[in-house]
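A.B. asks: After the structure tokens below, expect a handful of questions from me.
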2 protein chains.
Amino acid sequence: MAKAFFDFIAQHVQLSPEEKAFVEELLPTQQLPKGHLLLQEQRISTQFFFIIKGCIRLFYLVDGIEKSAFFYTENEFVSSYESFTKQVPAKHNFQTTEPTEVLVISQESAYKLLAYSPKFDFLARVIMEVELATYQNMVASFITLSPEQRYLQFLEQKGALQQRLPQHYIASYLGISAESLSRIKKRILLKKQQ
Amino acid sequence: MAKAFFDFIAQHVQLSPEEKAFVEELLPTQQLPKGHLLLQEQRISTQFFFIIKGCIRLFYLVDGIEKSAFFYTENEFVSSYESFTKQVPAKHNFQTTEPTEVLVISQESAYKLLAYSPKFDFLARVIMEVELATYQNMVASFITLSPEQRYLQFLEQKGALQQRLPQHYIASYLGISAESLSRIKKRILLKKQQ
């Protein structure tokens, strides 16, 4: 069981040893290969995830072309909240970009946790708040930043991913072509050398 | 007191006559002139709003230029959730685009409601879910739609606003110039006539 997961919980609520044991028993971890699809749009989400190690890409399909929107990494939750809670078709595609280890919270486990203690109800709200903040930041970044500024923000927030992801995923995330990303990188390098 | 507000509540929880009276007594309505700033970025949000009549624009400031991100209208909640709940500086600017009537939920009222009945705790979650879905749709729309498609979606979802808003707000919302918006409108008109 992931220490990081309990560290996250401990930031928000204090679990008793019994509650901890209940969580450990209930939530399995999964080792996923690179390229594994955890959720496809139009399907109904029945699980959400906490990333122990690895990276999961959120993408949308536009006329058959994948457009990357976000990269979730270590210690982040990945969920299609509306689909999971209301059992409506998902708008999200989630796929691992490298071998990834996740903690799996199924519909069934979620209900068991919520019934077990109000602490988990509180945690569910915290997770949702984090998701809301993530999307609000995405919107603000789309509107207020240029592709170059978005790339610099990406390096600042998720710099470690730069080596781990195919460059066309990053270009797609910035809404630009792979060629434009190359130009931006060169420009940044030049500025650094000055 | 807004009937629409109680209609919204009734979709999710059943209030007793006493609870209804408590809400009516607690939450004031306000008549705001056009151009009124309800929240400025970097300030701490102490209120959120339910629009009875009118329109509130969400915008971001980029090098002193206002970039419109969303238009909230009748029966929608307007909040800077993170700022309101955690008392951190807001990232949002909210401004009326026309004379607007809102129901005001202050920090103090919110606490009173939450302490009064767990029903309001449930409602708070519903409001947050709606906000999350709104932002998720914004992100999906930025990534998957062209400016013309975004304009068609705007007409479909908030068509009534088309006559009520200055065109440069709509252009800014689409991320294009007022001239490009004119061209898109002409193209759509031409297609209709064919």
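A.B. asks: Just checking, how many residues over the range A:140-177 are closer than 26 Å to A:GLN47 by Cβ and among the aliphatic types (A, V, I, L, M)?
C.D. replies: Taking the range A:140-177 and keeping what is closer than 26 Å to A:GLN47 by Cβ, we get A:157-158, A:160-161, A:164-166, A:169, A:172-173.
Those left that are additionally among the aliphatic types (A, V, I, L, M): A:160-161, A:165.
Number satisfying all stated conditions: 3.
A.B. asks: Within the range B:128-152, how many residues turn out to be within 14 Å of another protein chain (Cβ to nearest Cβ), closer than 17 Å to B:SER68 by Cβ and over 14 Å from the mean Cα position of the chain (by Cα)?
C.D. replies: Result for the range B:128-152: 6.
A.B. asks: Okay, moving on. Among the residues of the range A:147-168, is any surrounded by 15 or more Cβ atoms within 10 Å (Cβ to Cβ) and among the acidic types (Asp, Glu)?
C.D. replies: Within the range A:147-168, one or more residues are surrounded by 15 or more Cβ atoms within 10 Å (Cβ to Cβ) and among the acidic types (Asp, Glu).
A.B. asks: Checking B:PRO99 against (1) at pLDDT below 95; (2) away from chain A (no Cβ under 14 Å); (3) surrounded by fewer than 15 Cβ atoms within 10 Å (Cβ to Cβ); (4) more than 14 Å from B:VAL23 (Cα to Cα), which single condition isn't satisfied?
C.D. replies: The failed condition is (1).
A.B. asks: Applying the selection to the range B:22-51, what residues are touching a His at 6+ places or on another chain (Cβ under 9 Å) and of a type in the set (A, V, I, L, M, F, W, C)?
C.D. replies: B:LEU39 - this is the single residue of the range B:22-51 that is touching a His at 6+ places or on another chain (Cβ under 9 Å) and of a type in the set (A, V, I, L, M, F, W, C).
A.B. asks: Give the number of residues within the range A:118-127 that are at the interface with another protein chain (Cβ under 10 Å from one of its Cβ atoms) and more than 22 Å from B:ASN137 (Cβ to Cβ).
C.D. replies: The first filter runs over the range A:118-127 and keeps only residues at the interface with another protein chain (Cβ under 10 Å from one of its Cβ atoms), leaving A:121, A:124-125.
Keeping just the survivors that are more than 22 Å from B:ASN137 (Cβ to Cβ) gives A:121.
Counting residues in the range A:118-127 that are at the interface with another protein chain (Cβ under 10 Å from one of its Cβ atoms) and more than 22 Å from B:ASN137 (Cβ to Cβ) gives 1.
A.B. asks: Where the second residue is hydrophobic (A, V, I, L, M, F, W, C) and outside any strand (DSSP E or B) and the first is within 17 Å of A:PHE94 (Cβ to Cβ) and at the interface with chain B (Cβ under 9 Å from one of its Cβ atoms) and lies in the range A:54-67, which pairs have Cβ atoms under 8 Å and are six or more apart or on separate chains?
C.D. replies: Short answer, once both residue conditions are applied: A:TYR60/B:ALA140; A:TYR60/B:ILE143; A:VAL62/B:ILE143; A:LYS67/B:ILE143.
A.B. asks: Regarding the range A:175-192, can at least one residue be identified that is within 22 Å of the chain's Cα centre (by Cα) and either of a type outside the set (A, V, I, L, M, F, W, C) or outside any helix (DSSP H, G or I) (or both)?
C.D. replies: Yes, because at least one residue in the range A:175-192 is within 22 Å of the chain's Cα centre (by Cα) and either of a type outside the set (A, V, I, L, M, F, W, C) or outside any helix (DSSP H, G or I) (or both).
The values are calculated or read from the model by the stated rules, or taken from the named source; none is laboratory data. This structure is a prediction, so every number in the text was calculated from the model and none was measured. All Cβ positions, glycine included, derive from the backbone under ideal geometry; neighbour counts span all protein chains shown.
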